[in-house]
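Data first, discussion second: the structure below is written as structure tokens.
The values are calculated or read from the model by the stated rules, or taken from the named source; none is laboratory data. If you're wondering where the values come from, they're calculated on a predicted model, not measured in any experiment. Here the Cβ positions follow ideal geometry from the backbone for every residue, glycine too, while neighbour counts run over all protein chains shown. Keep in mind that these areas ignore ligands, DNA and RNA; they rest on the heavy atoms of the full protein, side chains included. Shrake-Rupley method; radii C 1.70, N 1.55, O 1.52, S 1.80 Å.
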Amino acid sequence: FLHWVVPFELLRKCVPTNLNLDSFDGNCYISLVAFTMEKISPKYLPSVGYVSDFDEINVRTYIDKDGKKGVYFLNIEAGKTISAFIAKAISGLPYEKAKINRTEKSYNSNNLKKGFRLNTEFEIKEVVSDKTELDKWLTERYCLYLSQENKLYRYDIHHKEWEIKKVNIKSLSVNYKIGEIDLNNREPNLTHYSE
């Protein structure tokens, strides 16, 4: 996870008006989350490796809708064309294809359509044994919101609380511009790693 504090007024322009932006100590956040999905499938259907396992990057912000805290995706990318197509068709989420290459200590992505890029090398450090309230606020969200054709959808997500680790960012190049929010060459305010 890479987290940036962003101005409320710029973020408000990127999020549907039927969603309330959540803030922590008066700050709104955008997070870039790069990870690998594994064994993903619709309910009651088996997972199929070449579709169900794929690298993903999402750029999210934080929502509090009627007391239910969740996330809203400003951008979402998958490393496989077929996975992006199926995930978009089934969920309605705006998945796009990006060229993604992940190793144990690096993550590189290029979304040719939008010119979005992430190149990072990192070193995983020790477990965060005493999570701060901000750590929990940023990482423990159990639903996501989708606004489509003036309708609001909520997808509930179930998982155990994530163990998070400190991470040393050895190199980082980010090129994501969403609306007036430009993450290019901005150091994140906070970083996390989770297995």
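Ligands, DNA and RNA aside, residue 127 has an accessible area near 60 Å² when probed at 1.4 Å.
Could you give the length gained on full extension between residue 150 and residue 165, defined as 0.36 nm per residue of separation minus the Cα-Cα distance, in nm?
Working: separation 15, 0.36 × 15 = 5.40 nm, distance 3.88 nm.
Roughly 1.5 nm would be gained on extension.
Between the beta carbons of residue 101 and residue 23, assuming R0 = 41 Å, the FRET efficiency works out to 0.75 to the nearest 0.05. Computed 3J(HN,Hα) for segment 24-31, one whole-Hz value per residue from the Karplus formula 6.51 cos²θ - 1.76 cosθ + 1.60 where θ = phi - 60°, is 10, 6, x, 9, 8, 10, 10, 10, glycine and proline marked x.
Within the same chain, lysines fewer than 8 places from residue 13 are excluded, and of the rest, those with a Cα less than 20 Å from its Cα are 65, 69, 114, 151, 177.
Evaluate the charge dipole of the chain about its Cα centre and quote only its size in Debye, nearest 20, assuming +1 on the Cβ of each Lys and Arg and -1 on the Cβ of each Asp and Glu.
Working: 29 positive and 27 negative charges, 127 e Å.
The dipole magnitude comes to about 620 debye.
The heavy atoms of residue 85 present about 150 square angstrom of accessible area, all protein chains included, probe 1.4 Å.
Going down the list 80/160; 105/165; 136/166; 68/136, which pairs span over 21 Å between their C-alpha atoms? Before the final figure, lay out each step's value.
Values: 80/160 27 Å; 105/165 14 Å; 136/166 14 Å; 68/136 15 Å.
Beyond 21 Å between Cα atoms: 80/160.
Here's the list of aspartates and glutamates a cross-link from residue 131 could span, going by alpha-carbon distance under 19 Å and ignoring same-chain residues fewer than 8 apart: 25, 140, 161, 163, 195. Given a 1.4 Å probe and the protein chains as shown, residue 123 ends up with an accessible area of around 60 Å². Label-to-label distance for residue 185 and residue 91 is 3.3 nm, based on points extended 7 Å past Cα in the beta-carbon direction.
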